[in-house]
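Report on the following structure.
The values are calculated or read from the model by the stated rules, or taken from the named source; none is laboratory data. Being a predicted model, the structure only gives us computed values, none of them experimental. Methodologically, a virtual Cβ is constructed for each residue, glycine included, from the backbone with ideal geometry; neighbour enumeration extends over all protein chains shown. These area figures cover heavy atoms from the full protein model, side chains too; ligands, DNA and RNA do not enter into them. Shrake-Rupley method; radii C 1.70, N 1.55, O 1.52, S 1.80 Å.
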Amino acid sequence: MNCELLATCSALGYLEGDTYHKETDCLESVKDLIRYLRHEDDTRDVRQQLGAGQIVQNDLLPIIIQHGQDKALFDASVRLMVNLTQPAMLCFGKVPDDPVFRHHFLQVTSHLQAYKEAFATESVFGILSETLYNLLQLDWEQRQEEDNLLIERILLLVRNVLHVPADPCEEKKVDDDASIHDRLLWAIHMSGFDDLVKFLASAQSEQQWSMHVLEIISLMFRDQTPESLVSAGQARSAEEKHRDSQELEALRQKEQAEKRSRTLQRGNRHSRFGGSYVIKGLKSIGDKDVIYHRNLNNFKNYTHDTGKSVRRVPKRNRQAKECKEKRRSALNVRLFLRDFCVDFLENCYNRLMYLVKESLIREHSQQHDETYYLWALSFFMAFNRGNGFRADFVSETMSTRAFHFIERNVTNYYEMMLTDRKEATSWSRRMHLALKAYQELLLTVNEMDRSQDEGIRQSSNVIKSNIFYLMEYREIFLTLLRKFDETRQPHSYLKDLVESTHLFLRMLERFCKGRKNLMVQKVRRKRSRGDKNLPSQETNPEALAATWTIVEEELRTSGFQLSESLTESIVPFDATSETPLEEQRTEAMVRVKDALLARLGPEALGLLRAAREVWPEGDVFGSGDVEPEEELELLKQILHANLPRSSPPEPVVEEEDDGVEIEEEELESVQVSETEFNFLDFIKRFASPNIVRPYLILLKSYSKNLPHTNHCIARMLHRLAVDLKMDALLFQLSVFNLFNKILSDPAAAAYRELVTFGKYMLNRFFSLAAQNNKAYVELLFWKNVGAVREMTEGYGKDGFVSLCFVVCVCVFYVKFTFFTKEGETPAWTEEEEQELRKLYEEHRHSEDVLGNVMKKLTAKRSRARVVDKLLSMGLVTERRELYKKRSRNAQGKIHEDGMSGPLLWLQNCLNRTANDREEDRLSQPVPLVPLTETTEEAMDNRSFQRLLRKLGMRAPANEQESFWRIPAKISISQLRSSAAALSPREDEPRGGEEEEDGARSPTEKLQENEEEEEEVSGEQRAQALRALLLARKRKHHTTEKTGIINTVLSLCAEDEPPTITEMDAHSDADSDRVDISAPVKRRRKMVLIDEEEDED
């Protein structure tokens, strides 16, 4: 310990037996320790040293117990303990990633756990309760500011102590045993502090402490569940006994099945004479059948993965971890907490929840305080349901406002989980808490339906009418299921989500049965991207002729007269845009055509006349004295003209809001209407692979799920397969594998509902497979509604072609994935080597040898492979012979013309503009004003102007501008990189290399980059053309492609699986076409990287 800290702690006093003797400087020493804590470093060294010295256990707690009458000393000691018991998460901000800081974090946490154990005595909470009671007895007129501060510090101290996490490895407590937290709760109860908490929650004059009280209550019930508290001290119900007997029966059946399997595994002979067998039809790594060296009783569990090392799952793909499990406290603690819940619900719940809600809405609370509200809502409403339901006890949180508040928080948590990825786990936990609160609201409304009181049932119907009417409450579960991510959201979240969805659908179905015409709100969003509102009509001659007939008739009817409001509202150009007026003239022409396509004749005529006034030169929009008939003819020519667009038009789409995310740049107008609700149509929204997958993820753990959870899963699958007759939606190989696991489970009798449904699905599939021989291929893919209809009712032309194409892709993938060694590339054939040699001899004296060879090479391979082959064949001796050759006359032209000074001036202008924009945070066009005769001559030089255009500079737009300008759209980083490109490089080749390559100027660097990009883009265009030709061949069903498809389908339809040699033969017949049919999108960067890596 630091010598100053040691001296300060020694000046506090000493403990002799059970008596603490304080020193005369005790108060000043406590204040010094507070001052030391205020100036501790990032490692929290002062806090660690005081914790190691056990100052709380040996000094501060004895001081407040034995010298509590000294108000100043008591106040300072409580203030110091509040600081020392502060959570480690607040001290460090988060759990540190650095190992050193992680060690300090764990040290602080261990000291906090020691403090918590020291507080778990009745004497400590006795003095705290007595002090708090005396302060609360004072009226507001008598209570001083120091008294309010002391009340708050006592509440914070208790909150901090309760917040300390348990150390299960150190405590090693089992259920019904008293842990340190249980001992702390018992000390709170015996000292009467829990009664003071209830008083603070119910007293009207103490409402300022509402948030502190809610935090303390939530931490008191941290390890408890409502069900365990409800059943405390009561006999087990018949339902619980039945559930326990089912679990025991399932375990007994599993144990018996394991015994039988072990008995069968014992062979009659010695293990060394187990025998070897050949598995016919199952190929090994080579072309021969697999040889099996084990006993036959284990043959059905044979897999190729036996003996392989388990592949490590990346951290970002691992399943989210579950929160720590709840433990059952000692019986006396559970009984005390049960009585506390009963009193709290009867006297405090409604008032406290109202105050906390108002504080959250008015934003008078701290960040994330709404989580305490959500926890209290779910916990106490669940306790109320189990302990003799009383609707008046929870009336404050039973309203549509509560549903809205939780729905808004669920949406906010999901958005933050996507944006704040570092804290995604914390946001996921908060989202789970909000989901449990929403689930509890639905359970309470369902409980109100079964009440004997007519008024309560009527209130329940009002709430259900509101939540079923509004779209955001109906579709919240659709959205949550669609957005489920098992890497961020744990298994318990999915369980609550599935059970909540089941409850909501059951309530909605029951609500719709008694009503013939149920009207609900429907929201349509009209989406458009940016400021564009372009039509999406066909441009074939028939459609254009019909459009022109309507527009012509409308203009002739109006007599070519436009209203004054229309004339004033039309502006043909944007004066604030940086786009030159000449370019805006083309955009104005496009706007006229778009208005004609939208059949808005007056708007098109108004745009034409307004554009004529802006651009009178050239009579592009007609002459000044044009006649109406001539205007009509001009409009017709514009309608039929093929005008260039800066970007393709994007149609305005009207679609029903189904929870799909909208991009930020999209503008939307919301239209709210009413429509008749159909329950089956609503269930059809769940018929999607994205929604079925979460159910199957949960079904994989069927043996660990509760019976109710398995029932919820089976009911949803039954709705899709039976009610909607979309059983083909579940015809997927992973689903059937799961059904097979359930059917072969020794304890299958305990999952009777799942077994029945699995047999039904298998029977339906084999019935369909007898009629559709492609059903077995369909097992490999997830299917949408359209694919389900095609699979059951018959394929259309497009559906059949797409299925055949997918099958061919799968065959090619299997060939090149499983029949080619990992990392192996196809070997060069003798014909390919001769072709490569011929192409090299033909282009060896060209400027770009490698580029010309790559363009004309039949077998497409990477640049690095071609270079390696040329080296191995001895055609070149080193890689630099394949680099592009530059002529000496084109190199250094700008520098040879005396342009070094203007280049330096341009570089300074770019750097100065970048600095100004960084300081002012404002981007404006900056003119390049030449101040010397040399720079003026350079600005008139064509080579220098070409360099300016390459750098993105803008030439004078019209006669009113005299100077080139740096556009405002160029970013600061682009300006600095352009300026850096103008600097001569120090690592350029010298000597003999300089004669070949030379020192390249900035203009030549940009030209070289452009040529390389053109080369790559040319290669991409060639590949795209080859893919297009192949698609046309497939469309016309050429003989070769049809033969492959028929072969694949015949293989899939056969009962006996094909051998590897057969599949290899078919795939080899078209192996050359694989690279052509799958063009690879190349990047210039990757092309350059290959060469750089080879040089190293």
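Does region 141-194 hold any residues that are acidic (D, E) and farther than 24 Å from S210 by Cβ, and which are they? Those that are acidic (D, E) and farther than 24 Å from S210 by Cβ: D167, E170, E171, D175, D176, D177, D182.
Look at (1) at positive phi; (2) surrounded by fewer than 15 Cβ atoms within 10 Å (Cβ to Cβ); (3) modelled with pLDDT of 75 or more; (4) not aliphatic (A, V, I, L, M) and you find that G618 fails only one, number (3). Being among the hydroxyl-bearing types (S, T, Y) and under 28 Å from V523 (Cα atoms) is the filter here, so list the residues in region 445-487 that pass it. Passing the criteria: S459, S460, S465, Y469, Y473, T479. A search for C-beta distances below 6 Å between a residue of region 367-378 that is under 11 Å from L214 (Cβ atoms) and open to solvent by 20 Å² or more (accessible area, probe 1.4 Å) and any residue that is among the basic types (K, R) and assigned to a helix (DSSP H, G or I), counting only pairs 6+ apart in sequence or on different chains, returns T371/R430. Among the numbered conditions (1) within 21 Å of V333 (Cα to Cα); (2) surrounded by 17 or more Cβ atoms within 10 Å (Cβ to Cβ); (3) within 35 Å of the chain's Cα centre (by Cα); (4) not charged (D, E, K, R), the only one that P168 does not meet is (2).
If you go through region 21-36, how many residues are touching a residue at least 40 places away in the same chain (Cβ under 8 Å) and either over 16 Å from T85 (Cα atoms) or of a type in the set (V, I, T) (or both)? Break it down into steps so the answer makes sense when it comes.
Here is the first cut: in region 21-36, the residues touching a residue at least 40 places away in the same chain (Cβ under 8 Å) are 22, 26-27, 30-31, 33-34.
Add one more test, that the residue is either over 16 Å from T85 (Cα atoms) or of a type in the set (V, I, T) (or both), and what stays is 22, 26-27, 30-31, 34.
Residues flagged as touching a residue at least 40 places away in the same chain (Cβ under 8 Å) and either over 16 Å from T85 (Cα atoms) or of a type in the set (V, I, T) (or both) within region 21-36 amount to 6.
State which residue is farthest from N678 (Cα to Cα) when the search covers only region 700-725 and only residues that are open to solvent by 30 Å² or more (accessible area, probe 1.4 Å) and hydrophobic (A, V, I, L, M, F, W, C). Steps first, answer last, please.
Here is the first cut: in region 700-725, the ones open to solvent by 30 Å² or more (accessible area, probe 1.4 Å) are 700, 703-704, 706-708, 711, 715, 718, 722-723, 725.
Filter again for hydrophobic (A, V, I, L, M, F, W, C), leaving 706, 722.
Values: L706: 31, V722: 17 Å.
Looking at residues that are open to solvent by 30 Å² or more (accessible area, probe 1.4 Å) and hydrophobic (A, V, I, L, M, F, W, C), I get L706.
For Q960, the conditions (1) part of a loop (DSSP other than H, G, I, E, B); (2) farther than 22 Å from R585 by Cβ all hold with the exception of (2). Of the residues making up region 56-75, those that are over 15 Å from E23 (Cα atoms) and either at pLDDT 90 or above or part of a helix (DSSP H, G or I) (or both) are V56, Q57, L61, I65, K71, D75.
Checking V197, V230 one by one, the residue that is free of Cβ contacts under 8 Å to residues at least 40 places away in the same chain, surrounded by 16 or more Cβ atoms within 10 Å (Cβ to Cβ) and under 30 Å from Y373 (Cβ atoms) is V197 and no other.
Could you list, in sequence order, all residues of region 379-398 that are open to solvent by 40 Å² or more (accessible area, probe 1.4 Å) and among the polar types (S, T, N, Q)? Walk me through how you get there before you give the answer.
Of the residues in region 379-398, the ones open to solvent by 40 Å² or more (accessible area, probe 1.4 Å) are 385-390, 392, 395-396.
Passing the criteria: N387, S395.
Determine whether region 515-535 contains at least one residue that is open to solvent by 30 Å² or more (accessible area, probe 1.4 Å), closer than 30 Å to H711 by Cβ and modelled with pLDDT of 75 or more. Yes - at least one qualifying residue is present in region 515-535. Being more than 29 Å from the chain's Cα centre (by Cα) and surrounded by 17 or more Cβ atoms within 10 Å (Cβ to Cβ) is the filter; apply it to region 92-106 and report the residue that is farthest from C169 (Cα to Cα). Restricting to residues being more than 29 Å from the chain's Cα centre (by Cα) and surrounded by 17 or more Cβ atoms within 10 Å (Cβ to Cβ), the top hit is H104.
Within the option set E16, E28, being surrounded by fewer than 16 Cβ atoms within 10 Å (Cβ to Cβ) and over 25 Å from G126 (Cα atoms) holds for one residue only, E28. Condition test on L494, is it buried (at least 18 other Cβ atoms within 10 Å of the Cβ), over 24 Å from T675 (Cβ atoms), of a type outside the set (D, E, K, R) and in contact with a Pro (Cβ under 9 Å, 6 or more places away or on another chain)? So L494 passes the test.
With the structure loaded, tell me whether E831 is exposed (fewer than 15 other Cβ atoms within 10 Å of the Cβ), at pLDDT 80 or above and touching a Pro at 6+ places or on another chain (Cβ under 9 Å) or whether it fails that test.
When the stated conditions are applied, E831 does not pass them.
Looking at E552, E509, can you tell me which residue is at pLDDT 80 or above, under 28 Å from R474 (Cβ atoms) and open to solvent by 30 Å² or more (accessible area, probe 1.4 Å)? It would help to see each step written out before you state the result.
On the way: E552 fails: under 28 Å from R474 (Cβ atoms).
Answer to the selection: E509.
So is E206 open to solvent by less than 50 Å² (accessible area, probe 1.4 Å), at pLDDT 80 or above and of a type in the set (D, E) or not? Don't jump to the end; show me each part of the working.
Values: open to solvent by less than 50 Å² (accessible area, probe 1.4 Å): yes; at pLDDT 80 or above: yes; of a type in the set (D, E): yes.
Yes; evaluated as a whole, the condition is true for this residue.
Only one residue in S459, S395 is among the small types (G, A, S), free of Cβ contacts under 8 Å to residues at least 60 places away in the same chain and on the phi < 0 side of the Ramachandran plot. Which one?
Sole residue among the options that is among the small types (G, A, S), free of Cβ contacts under 8 Å to residues at least 60 places away in the same chain and on the phi < 0 side of the Ramachandran plot: S395.
Candidates in region 271-297 are the residues that are surrounded by 13 or more Cβ atoms within 10 Å (Cβ to Cβ) and of a type in the set (K, R); of these, the one that is modelled with the lowest pLDDT is R294. Residue check, H432 against (1) open to solvent by 50 Å² or more (accessible area, probe 1.4 Å); (2) within 21 Å of L443 (Cβ to Cβ), all met but one. Which one? H432 satisfies all of (1) open to solvent by 50 Å² or more (accessible area, probe 1.4 Å); (2) within 21 Å of L443 (Cβ to Cβ) except (1). Residue by residue through region 749-774, note down the ones that are among the basic types (K, R) and surrounded by fewer than 17 Cβ atoms within 10 Å (Cβ to Cβ). The answer is R752, K759.
Restricting attention to region 87-97, does a residue exist that is touching a Lys or Arg at 6+ places or on another chain (Cβ under 6 Å), without any contact (Cβ under 8 Å) to a residue 12 or more places away in the chain and outside any helix (DSSP H, G or I)?
At the first step, the residues of region 87-97 found to be touching a Lys or Arg at 6+ places or on another chain (Cβ under 6 Å) are 91, 96.
From what's left, without any contact (Cβ under 8 Å) to a residue 12 or more places away in the chain: 96.
From what's left, outside any helix (DSSP H, G or I): 96.
Taking every residue of region 87-97 in turn, at least one turns out to be touching a Lys or Arg at 6+ places or on another chain (Cβ under 6 Å), without any contact (Cβ under 8 Å) to a residue 12 or more places away in the chain and outside any helix (DSSP H, G or I).
When S110, S123, S191 are checked against the criterion of being open to solvent by 10 Å² or more (accessible area, probe 1.4 Å) and under 39 Å from the mean Cα position of the chain (by Cα), S110 stands alone in meeting it.
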